[in-house]
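The values are calculated or read from the model by the stated rules, or taken from the named source; none is laboratory data. Only a predicted model underlies this, so the values are computations on that prediction, with no experimental measurement involved. No Cβ is skipped: glycine too gets one built from the backbone with ideal geometry, and neighbour counts run over all protein chains shown.
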């Protein structure tokens with residue numbers, strides 16, 4: 001047996017931040033584009049944009065700045081607030097998988113299962 005866990009943060013019963021959403025934001029910063037980030041995450045542009053908008057609305061802050069340009073196109077980058085939330089989320093989840101595994105082993109695995 002193996003244990004799996006998934007942590008997310010909710011506000012008023014709706015997801016505000018999750019590892020998937022943090023990875024999406026990081027992909028936006030890495031690629032410089034929501035479209036490219038969506039492609040990297042194997043989701044449609046529409047889904048990526050909707051998830052970013054949900055986060056922004058629920059947190060009450062702007063996470064991604066987008067620019068529309070002429071023939072040179074646009075681009076996207078994270079706001080300082082986005083960086084702060086990513087850093088806080090990453091610190092929050094650091095070590096949780098190990099803690100969950102330890103507790104799982106303590107309560108579910110006996111010596112014959114390991």
Just a yes or no: is a residue in the range 37-53 buried (at least 16 other Cβ atoms within 10 Å of the Cβ), within 30 Å of residue 109 (Cβ to Cβ) and under 11 Å from the mean Cα position of the chain (by Cα)?
-> no
On the given criteria, is residue 97 over 13 Å from the mean Cα position of the chain (by Cα), modelled with pLDDT of 95 or more and surrounded by 11 or more Cβ atoms within 10 Å (Cβ to Cβ)?
-> no
Counting only residues that are within 30 Å of residue 101 (Cβ to Cβ), give me the strands (runs of 3 or more DSSP E) lying completely in the range 1-86 with at least 3 of them.
-> 8-11, 14-18
Just one of the numbered conditions (1) touching a residue at least 60 places away in the same chain (Cβ under 8 Å); (2) within 30 Å of residue 110 (Cβ to Cβ); (3) in contact with a helix residue (DSSP H, G or I) (Cβ under 9 Å, 6 or more places away or on another chain); (4) loosely packed, with under 14 Cβ neighbours inside 10 Å is not true of residue 19; which one?
-> (2)
